[in-house]
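The values are calculated or read from the model by the stated rules, or taken from the named source; none is laboratory data. Since we're looking at a predicted model, the values are computed, not measured. Glycine gets a Cβ as well: all are built from the backbone with ideal geometry, and neighbour counts include every protein chain shown.
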Amino acid sequence: MSEDQMTRPEETDNSPREDMFLIRRQKAEKIAQGGKSPYGHAVSGLQDCPSVKTAFAALPEGGVLSAKVAGRLTAKRVMGKSLFANIKDQDGFMQLYVQKNVVGDESYDLFKDLDIGDIVCAEGEMFVTRTGEASLRVQSFELLSKALRPLPEKWHGLSDMEQRYRQRYLDLISNDEVRRSFQLRSRIVQEIRNYLSSRGFMEVETPMMQPLAGGAAARPFKTYYNALNCTMYLRIATELYLKRLVVGGYEKVFEIGRNFRNEGMDRRHNPEFTVLELYEAYSDCRGMMALIEDMICHVATSIFGTLTFTRKDGVDINLSRPWRIATYHDLVREKMGADWFDLDPSAMRDKARALGLAIPDAMNALEITHEVYDKTIESTLIQPTFVTRLPAYLVPLAKRCEDNPDLVDVYELEINGQELSPGYSELNDPIEQRARFDQQLIGRGDIEGEVNRVDEDFLTALEHGMPPTGGLGLGIDRLVMLLTGEPSIRDVILFPQMRPQA
């Protein structure tokens, strides 16, 4: 019998949930008083439910298969001296058939009194019911964990999004698609590791707590280290430490880890997020473009078997190669007109405001242009697009273009209307790097009283010589959103940051 056809006692129980808690606790105490523990110990020899069903289906007619499975009780139907129940493990579910004359009166009464949500282990032989369902005829079972609280009323998925994020464990119990998304996330990250390792990259770990917040223009989280009597910062980027390793002689390095930014939250941003960052000596921006394109396509085909992904609103995203390459200036001209870069700031301001953008009078031409790009162009880049040759002031850690020193040799990979991966020909001139840092500090000033300082040790490292290097970052959360079709970053982070409850 399918799970849908079975009943859940809680669905017809009008008792308040706290009363259910007390009832279940009394059941647990009764079990303990009877000499059995409501919270069992480790079990060995377990098989996952789908594997058991597959093995049973492969047997010749009349073949016998013994099995031992464990999982959470999700449904139960009592029929006098026998009952059917479903248990669910990580990979699937198994129907159990429990008979009083097989397990004995005491054990049968115990099983009959179990609640939805309890975790049990059952052992027996497989058979096929009259309705054709492969099931386990239970010969013995053990209660492994008594659930004191009932599962959500809507068994087929939590409908309250806030509750789903705050109590992810209930979301995972109730929603198979959510469980699948996070299993896919794990496979995606593992496939990225495999890809890079097979190409000679070494995985490393760099400090998450740093004396300076560097590598990106973002507000950091601040903490205090009592033992050293100093302020420390959660890292906003791994870049400066990874480049130190390139200086040290490691020619291919990568790190997959958390970065932290003390900024706002929305469907694309979480204050802590997972990033791949890698560096390859003797490469450049074009090498990074080839690498990221090949790696994402490899991950997509290896795990999903396709390069076409459909968003929940029905829009297809096609990752087939080659990906589009467009310069930053060309995209702006397409949107704002061929003469955009010939206009003075006042005329730019008027045209941008005509699009509904809030442009302060103090904005210069570069800032107005980037506001136009950020607010009106990026969201339109649904299919994979490498945006190249950005203004130098936006990327202080990248080499300038040889034919135009006002631009830098970088790409921003835009897919699904958001940046997925930046890549650079890394700046390895320590004199220019110091000048860029100084200019960046002048432009930023203090952020809410934070004193911005240049990372002198990083500059010292560069002064010892760093080879020409290509580097890239990849937002793991956004990649998972793309490949699983999830619309919000909260749907691909197990425990997203939430606002405090009132």
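Of note:
- Residue check, Ser198 more than 13 Å from Ile303 (Cα to Cα) and either of a type in the set (S, T, N, Q) or at pLDDT below 95 (or both): yes
- In the range 126-137, the residues that are in a loop (DSSP other than H, G, I, E, B) and either within 20 Å of Ile23 (Cα to Cα) or touching a residue at least 24 places away in the same chain (Cβ under 8 Å) (or both): Thr129, Thr131, Glu133
- Residue that is modelled with the highest pLDDT, among those in the range 428-471 that are in a loop (DSSP other than H, G, I, E, B), within 15 Å of Gly214 (Cα to Cα) and of a type outside the set (Asp, Glu): Val454
- Of all residues in the range 296-333, those satisfying the criterion of being under 24 Å from Tyr411 (Cα atoms), touching a Lys or Arg at 6+ places or on another chain (Cβ under 8 Å), in a helix (DSSP H, G or I) and not hydroxyl-bearing (Ser, Thr, Tyr) are Cys297, His329.
- Flag for Ser140 being in contact (Cβ under 8 Å) with a residue 40 or more places away in the chain and either under 30 Å from Ile292 (Cβ atoms) or not charged (D, E, K, R) (or both): no
- When residues of the range 202-251 are limited to those that are among the charged types (D, E, K, R) and under 24 Å from Gln439 (Cβ atoms), the one surrounded by the fewest Cβ atoms within 10 Å (Cβ to Cβ): Arg219
- The conditions of being surrounded by 16 or more Cβ atoms within 10 Å (Cβ to Cβ) and of a type in the set (Gly, Ala, Ser) are not met by Ala58.
- Among the conditions (1) touching a Lys or Arg at 6+ places or on another chain (Cβ under 9 Å); (2) farther than 26 Å from Met20 by Cα; (3) hydrophobic (A, V, I, L, M, F, W, C), Met161 misses just one, which is (2).
- For the range 95-125, the set of residues classified as touching a residue at least 60 places away in the same chain (Cβ under 8 Å), within 13 Å of Leu143 (Cβ to Cβ) and crowded, with 18+ Cβ neighbours inside 10 Å consists of Leu110, Asp115, Cys121, listed by residue number.
- Candidate set: the range 267-310, residues that are more than 19 Å from Arg187 (Cα to Cα) and within 15 Å of the chain's Cα centre (by Cα); chosen: the one surrounded by the most Cβ atoms within 10 Å (Cβ to Cβ): Asn270
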